[in-house]
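The values are calculated or read from the model by the stated rules, or taken from the named source; none is laboratory data. Since the structure is predicted, the reported quantities are computational estimates derived from the model, not experimental observations. In this analysis, Cβ positions are derived from the backbone assuming ideal geometry, glycine residues included, and neighbour counts consider all displayed protein chains.
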Amino acid sequence: MDVRGPKGPGLDWLENMVAWARAQLAIAAEIVDNPGGGLVFATQTIGQVKAAFQERDPDRYRRQVELLDRAEDAAVRRDYSRSRELIVEALEGLGN
């Protein structure tokens with residue numbers, strides 16, 4: 001499947017990245033401690049959001065990437081409340 005437009009690969013998703021990131025992180029925070037794959041999905045989602053921030057503007061989103069690194073680590077160590085706190089902090093740093 002060719003996803004390139006007349007001017008190359010589409011980057012429209014970048015304009016909606018913050019809204020997308022908010023939605024993804026809200027889900028991750030909600031399910032991180034759910035049995036049956038919640039931890040796996042949440043950490044994968046956190047990683048995808050971090051990658052999008054780094055791709056879009058690493059300097060602008062440096063703080064969010066750092067917080068999400070720590071949130072991911074806390075989740076893997078099963079410190080779910082700390083992971084949620086860090087996700088919320090990263091979200092608050094995005095502004096409106």
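Please work out which residue is surrounded by the most Cβ atoms within 10 Å (Cβ to Cβ), limiting yourself to the stretch 57-70 and to residues that are in a helix (DSSP H, G or I) and among the charged types (D, E, K, R). If you could, list the steps in order and put the result at the bottom.
Filtering the stretch 57-70 for residues in a helix (DSSP H, G or I) gives 62-70.
If we keep only those that are among the charged types (D, E, K, R) too, we end up with 62-63, 66, 69-70.
On the way: R62: 12, R63: 13, E66: 13, D69: 15, R70: 17.
Taking the candidates together, the pick is R70.
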Legend entry - All positions within the stretch 71-90 that are surrounded by fewer than 18 Cβ atoms within 10 Å (Cβ to Cβ) and under 13 Å from the mean Cα position of the chain (by Cα): V88, E89
Legend entry - Whichever residue in the stretch 27-39 is loosely packed, with under 14 Cβ neighbours inside 10 Å and small (G, A, S) and, among such residues, is nearest to L91 (Cα to Cα): G37
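Pick from A51, A42: which is crowded, with 17+ Cβ neighbours inside 10 Å, modelled with pLDDT of 90 or more and in a helix (DSSP H, G or I)? If you could, list the steps in order and put the result at the bottom.
Numbers: A51 fails: crowded, with 17+ Cβ neighbours inside 10 Å.
When all the criteria are applied, what remains is A42.
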